[in-house]
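The values are calculated or read from the model by the stated rules, or taken from the named source; none is laboratory data. Since the structure is predicted, the reported quantities are computational estimates derived from the model, not experimental observations. Note that we place each Cβ from the backbone using ideal geometry, even for glycine, and neighbour counts take in every protein chain shown.
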Amino acid sequence: MAGRPGARLPAGLRPRPPAQPRGSALRGLARLPGRLRVAWDRPLTAYYVILGAGALITVLGLVMVYSASMIQALRLGLPSTFYFRKQLLAVAIGAVLMWAAVRLPVRTHRALAYPLLLGAVFLMMLVQVPGIGQTVNGNTNWISIGGPFQLQPSEFGKLALVLWGADLLARKSDKNMLVQWKHLLVPLVPVAVLLLGLIMLGGDMGTTMILTAILFGMLWLAGAPTRLFAGVLAGAGALAALAVATNPNRMGRLHCIGASDPGTGDQCWQAVHGIYALASGGWFGSGLGASVEKWGELPEPHTDFIFAVTGEELGLAGTLSVLALFAALGYAGIRVAGRTEDPFVRFAAGGVTTWIMAQAVINIGAVLGLLPIAGVPLPLFSYGGSALLPTMFAVGLLICFARDEPAARAALAARGRQSRIAPIRRAMTRTMRRRARRRPSGER
């Protein structure tokens, strides 16, 4: 049989053809965008991205606050952990606020809008009372609350504008009133102008820019016509130009954009040394705690310019990681605003996302020398409890809204059922295995 020409061997004895290269790695790369798209479309993706990105930014911020502030604290005769301990306390309180924001239903958030707005306006008016308001770095926007603790009411004004504006626009949207420009602008714009005026009385141009961005973001989400939007934007731009032109300090900051030399009177000292810190960091930085600029050369290393110290100690890899976390947080916030059916959730999520992203862009742009120094902290990252507490509550709002999507609720409910059933299944499996071991060898 073996000698007959054309005889076929049994299947198990036939030689295998040589393996052909399949390009599995290339096919895997080609499928990666589709897999990422499928993963992103899962119901709980936005929930986990917001929670994870917010937590990582906050934890990394704690580490950098300690590293950037220890020399500043020692120079003032304070313990090296002074600023870190205050920031850690603020993070603990903020975590409670975030948990409360996540657990509260959406209708309760809407009910908080008016009390929060009235409280913020009252405190911002109180700042202008002589003997109560405190001046820090030329801006009178603080209230002393005892000991080393101070409160900046304008930071809570951002949260108040988001919640109140979202509730106002949602109620008008339910009545189909946003198609008329007067209902779109009134009373949202007058109340926003009131908040902006109270902030500008204290000279805080940076916070004014962020509140203006929140206002424009909510008008955009409400479907403001292009002509109306352009008109309001032109008016705000003219007022901003007037505020800058009439203030020599602001004009000096404007001239420091892209500066490579401190200039006459060292007016660009902070901007230039921020660039020095970033430039000396290289790819992977000089090492955690090894910054040179924080030894008195760079003003505000733990607040406005903490991103520069991050670049010096953690290098380009560290700064890109921070940027990636903010990008993920912003994209997830946009996803929540875009997929919801609730107009309040859409406006509030869009307002919070605009707030955090605009503030991050203004801060990082100033450190990079692309924007004027505005004196605003990097959200969730810089030192400062007054900025951290409302921001953590706002991130809790995003998590709450992400959990409140119908598909996300169903996925969480299914996961809860599985978590309750899994221990029972494991106990039954262990019982069956013990019984099997106890049987005599002859039993089947």
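Among the residues of the stretch 67-107 satisfying the criterion of being free of Cβ contacts under 8 Å to residues at least 40 places away in the same chain and small (Gly, Ala, Ser), which is surrounded by the fewest Cβ atoms within 10 Å (Cβ to Cβ)?
Gly77
Where residues in the stretch 181-215 are part of a helix (DSSP H, G or I) and among the small types (Gly, Ala, Ser), which of them is surrounded by the fewest Cβ atoms within 10 Å (Cβ to Cβ)? Steps first, answer last, please.
Start the filter on the stretch 181-215 by keeping residues that are part of a helix (DSSP H, G or I), which leaves 181-185, 188-201, 205-215.
Then keep just the ones that are among the small types (Gly, Ala, Ser); that gives 192, 197, 206, 213.
Values: Ala192: 22, Gly197: 11, Gly206: 20, Ala213: 20.
Only one residue fits best here, namely Gly197.
For Val102, indicate whether it is assigned to a helix (DSSP H, G or I) and in contact with a helix residue (DSSP H, G or I) (Cβ under 8 Å, 6 or more places away or on another chain). Before the answer, list the steps.
Values: assigned to a helix (DSSP H, G or I): yes; in contact with a helix residue (DSSP H, G or I) (Cβ under 8 Å, 6 or more places away or on another chain): yes.
Against the criterion (assigned to a helix (DSSP H, G or I) and in contact with a helix residue (DSSP H, G or I) (Cβ under 8 Å, 6 or more places away or on another chain)), Val102 qualifies.
In this structure, does Gly52 turn out to be surrounded by 13 or more Cβ atoms within 10 Å (Cβ to Cβ), closer than 15 Å to Phe381 by Cα and modelled with pLDDT of 95 or more? Steps first, answer last, please.
On the way: surrounded by 13 or more Cβ atoms within 10 Å (Cβ to Cβ): yes; closer than 15 Å to Phe381 by Cα: yes; modelled with pLDDT of 95 or more: yes.
Considered against the rule, which asks whether it is surrounded by 13 or more Cβ atoms within 10 Å (Cβ to Cβ), closer than 15 Å to Phe381 by Cα and modelled with pLDDT of 95 or more, Gly52 comes out as yes.
If you check Leu278, Leu320, Leu288, Leu329, which single one turns out to be in contact (Cβ under 8 Å) with a residue 60 or more places away in the chain and closer than 19 Å to Pro379 by Cβ? Don't jump to the end; show me each part of the working.
Working: Leu278 fails: closer than 19 Å to Pro379 by Cβ; Leu320 fails: in contact (Cβ under 8 Å) with a residue 60 or more places away in the chain; Leu288 fails: closer than 19 Å to Pro379 by Cβ.
Within the list Leu278, Leu320, Leu288, Leu329, the selection yields Leu329.
Hey, can you tell me all the residues within the stretch 172-224 that are in contact with a Ser or Thr (Cβ under 7 Å, 6 or more places away or on another chain) and among the small types (Gly, Ala, Ser)? Explain how you work it out, then say what you get.
Of the residues in the stretch 172-224, the ones in contact with a Ser or Thr (Cβ under 7 Å, 6 or more places away or on another chain) are 196, 199-200, 202-204, 207, 213-214, 217.
Across the stretch 172-224, the qualifying residues are Gly202, Gly203, Ala213, Gly217.
For the stretch 224-260, give me each residue that is surrounded by 11 or more Cβ atoms within 10 Å (Cβ to Cβ) and not in a helix (DSSP H, G or I). Spell out how you get there, then give the answer.
From the stretch 224-260, those surrounded by 11 or more Cβ atoms within 10 Å (Cβ to Cβ) are 224-225, 228-233, 235-237, 239-240, 243-245, 247, 249-260; that's our starting set.
Ala224, Pro225, Asn247, Cys256, Ile257, Gly258, Ala259, Ser260 - these are the residues of the stretch 224-260 that are surrounded by 11 or more Cβ atoms within 10 Å (Cβ to Cβ) and not in a helix (DSSP H, G or I).
Quickly run through the stretch 63-94 and pick out the residues that are farther than 15 Å from Pro301 by Cβ and part of a helix (DSSP H, G or I).
Arg85, Lys86, Leu88, Leu89, Ala90, Val91, Ala92, Ile93, Gly94
Might you check whether a residue that is within 17 Å of Ala46 (Cα to Cα) and buried (at least 23 other Cβ atoms within 10 Å of the Cβ) occurs anywhere in the stretch 376-392?
Taking the stretch 376-392 first, the residues within 17 Å of Ala46 (Cα to Cα) are 392.
Restricting the remaining residues to those that are buried (at least 23 other Cβ atoms within 10 Å of the Cβ) gives 392.
Yes: one or more hits.
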